[in-house]
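Visitor: Please find one structure pasted underneath; my questions will follow.
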Amino acid sequence: MDLKIKHLLDIASLSKEEIEDFLNLAENLKEILYRPIPKVPTLRGKLIINLFYEPSTRTRFSFEKAAKTLSADSLTFTGKGTSIEKGETLLDTIKNLEAIGADLFIIRHPVAGAPHFVAKYSKVPIINAGDGTHEHPTQALLDLLTVKEKLGTLSDLKVAIIGDIKHSRVAHSDILAFQKMGSTVWVSGPVHLLPDIKEENYFKLSERSFKICYKIEDAIKDADIIIALRIQRERHGEALIPSFLEYHEFFGLKPEHLELMKEKTILMHPGPINWGVELAYEMEKYPFQVILDQVENGVAIRMAILLRFLTGERGYEDFN
Ligand code: CP
């Protein structure tokens, strides 16, 4: 499929067909990761630069693994030891790294919209690896891939997202992504961490496909998927309300919730997890939690993204 977009900035600007294309390609590419030598030469000679202005484990290392599996050269930059410390702007950094030969940038930044800003001026593709509280589109794609693998469908599902919805870029991308694929998203959490009325209109793609509820029990009852979220402490300022203890009491997912859930509700979390806060320790043993499957799928989905943006519409068969 020939991409209509030059950059991957958010789920809001992806069509359902484009999302399906990334998922199909990733499903096919996964096989490469299980080969005795998990490497193909497809992106040899391409230079991918990871600009991470915020901490990351999963996103950063899975993009690096994806690039190395496809034989691209991958350089990672976390701000330290570069001219950012002397006041160089993000845009100047991009222009200079383009001059050095970058073919694609992966950007994580604390400011919502930072990748969108530089994308206007960049000659090469920009992939948003999480911008402030706005979106984390590659996480949503790997979440969709995981659900498709586990349940065989992405439509007519009830998806419950629990936690700090307001500050979670993962929630924002997942809310749009699951609705685009034909499912209904229910969000629940402390009232001041839920979307307000204006934001609700942004998230609601149809009248019936997005619901806000104030009790976790309403969201998780009969849900096909539960996505638990970390409290984004770093974006809250001084006061943490509710405290972690209170949060666990009112919104943490615990064994006592199992009787409300479907027999095989899928449990997801984008990481990092605060065990004992959003998830009781016992939930690690829950047989349908797929948290490490999500991480594994992160590599495949990021391989698909790198291939689509660096090689255009070539199919999986061209990469063998
Ligand atoms: N899911 C996610 O974005 O994790 P990292 O912050 O570790 O990349």
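The values are calculated or read from the model by the stated rules, or taken from the named source; none is laboratory data. The structure displayed is predicted, hence computed values, not measured ones. Note that we place each Cβ from the backbone using ideal geometry, even for glycine, and neighbour counts take in every protein chain shown.
Visitor: Can you say whether His167 is touching a residue at least 40 places away in the same chain (Cβ under 8 Å) and either within 14 Å of the ligand (Cβ to nearest atom) or farther than 21 Å from Phe22 by Cα (or both), as far as the supplied structure shows?
Guide: Working: touching a residue at least 40 places away in the same chain (Cβ under 8 Å): yes; either within 14 Å of the ligand (Cβ to nearest atom) or farther than 21 Å from Phe22 by Cα (or both): yes.
Judged against the criteria, His167 is a match.
Visitor: Residues in the range 269-293 that are among the polar types (S, T, N, Q) and surrounded by fewer than 16 Cβ atoms within 10 Å (Cβ to Cβ): how many?
Guide: The total comes to 0.
Visitor: Report every pair of residues separated by at least 6 positions or lying on different chains whose Cβ atoms are under 9 Å apart, first residue within the range 232-260 and charged (D, E, K, R), second surrounded by 15 or more Cβ atoms within 10 Å (Cβ to Cβ) and not in a loop (DSSP other than H, G, I, E, B).
Guide: Arg233/Phe244; Lys254/His248; Lys254/Leu279; Lys254/Met283
Visitor: Further, regarding this structure: May I ask you to list pairs of residues, at least six apart or on different chains, whose Cβ atoms are under 8 Å apart, with the first in the range 52-67 being over 21 Å from Thr42 (Cβ atoms) and the second being of a type in the set (Ser, Thr, Tyr) and more than 8 Å from the ligand (Cβ to nearest atom)?
Guide: Short answer, once both residue conditions are applied: Phe52/Thr76; Phe52/Thr78; Tyr53/Thr78; Thr59/Thr138; Arg60/Thr76.
Visitor: Only one of these is away from the ligand (no atom under 16 Å from the Cβ) and either over 28 Å from Ile273 (Cα atoms) or free of Cβ contacts under 8 Å to residues at least 60 places away in the same chain (or both): Arg108, Arg44. Name it.
Guide: Every option except Arg44 fails the conditions.
Visitor: Moving on to the next point. From (1) more than 24 Å from Gln232 (Cβ to Cβ); (2) surrounded by fewer than 24 Cβ atoms within 10 Å (Cβ to Cβ), pick out the condition that doesn't hold for Gly132.
Guide: Among (1) more than 24 Å from Gln232 (Cβ to Cβ); (2) surrounded by fewer than 24 Cβ atoms within 10 Å (Cβ to Cβ), Gly132 violates only (1).
Visitor: Looking for something of a type outside the set (A, V, I, L, M) and surrounded by fewer than 20 Cβ atoms within 10 Å (Cβ to Cβ) - is there at least one such residue anywhere in the range 104-115?
Guide: Quick first cut of the range 104-115, residues of a type outside the set (A, V, I, L, M) only: 105, 108-110, 113, 115.
Checking which are surrounded by fewer than 20 Cβ atoms within 10 Å (Cβ to Cβ) leaves us with 110, 113.
Yes, the range 104-115 has at least one match.
Visitor: Does the range 236-286 hold any residues that are charged (D, E, K, R), assigned to a loop (DSSP other than H, G, I, E, B) and over 17 Å from Glu217 (Cα atoms), and which are they?
Guide: Glu238
Visitor: Being of a type in the set (Ser, Thr, Tyr) and either out of contact with any helix residue (DSSP H, G or I) (no Cβ under 7 Å at 6 or more places or on another chain) or closer than 24 Å to Lys30 by Cβ (or both) is the requirement here; does Tyr214 meet it?
Guide: So Tyr214 fails the test.
Visitor: Specify which of the listed residues (Asp92, Asp131) is free of Cβ contacts under 8 Å to residues at least 12 places away in the same chain and in contact with a helix residue (DSSP H, G or I) (Cβ under 9 Å, 6 or more places away or on another chain). First the steps, then the outcome.
Guide: Details: Asp131 fails: free of Cβ contacts under 8 Å to residues at least 12 places away in the same chain.
So the residue among Asp92, Asp131 that is free of Cβ contacts under 8 Å to residues at least 12 places away in the same chain and in contact with a helix residue (DSSP H, G or I) (Cβ under 9 Å, 6 or more places away or on another chain) is Asp92.
Visitor: Going by what's in this entry, would Arg308 be described as surrounded by 18 or more Cβ atoms within 10 Å (Cβ to Cβ), farther than 29 Å from Pro190 by Cβ, within 16 Å of the ligand (Cβ to nearest atom) and among the charged types (D, E, K, R)?
Guide: no
Visitor: All but one of (1) within 26 Å of Arg60 (Cβ to Cβ); (2) modelled with pLDDT under 95; (3) out of contact with any Asp or Glu (no Cβ under 7 Å at 6 or more places or on another chain); (4) surrounded by 14 or more Cβ atoms within 10 Å (Cβ to Cβ) hold for Pro242; which doesn't?
Guide: The number of the failed condition is (1).
Visitor: Another question about this same structure. Of everything in the range 60-80 that's within 12 Å of the ligand (Cβ to nearest atom) and over 19 Å from Leu97 (Cβ atoms), which residue is nearest to the chain's Cα centre (by Cα)?
Guide: Ser62
Visitor: Are any residues in the range 263-283 in contact with a strand residue (DSSP E or B) (Cβ under 7 Å, 6 or more places away or on another chain) and either more than 16 Å from the ligand (Cβ to nearest atom) or within 23 Å of Lys30 (Cα to Cα) (or both), and if so, which ones? Break it down stepwise before answering.
Guide: Restricting attention to the range 263-283, the residues satisfying the condition of being in contact with a strand residue (DSSP E or B) (Cβ under 7 Å, 6 or more places away or on another chain) are 265-269, 273, 278-281, 283.
Those that are in contact with a strand residue (DSSP E or B) (Cβ under 7 Å, 6 or more places away or on another chain) and either more than 16 Å from the ligand (Cβ to nearest atom) or within 23 Å of Lys30 (Cα to Cα) (or both): Thr265, Ile266, Leu267, Met268, His269, Ala280, Tyr281, Met283.
Visitor: For the subset of the range 101-157 comprising residues that are outside any helix (DSSP H, G or I) and basic (Lys, Arg), which member is farthest from the chain's Cα centre (by Cα)?
Guide: Lys123
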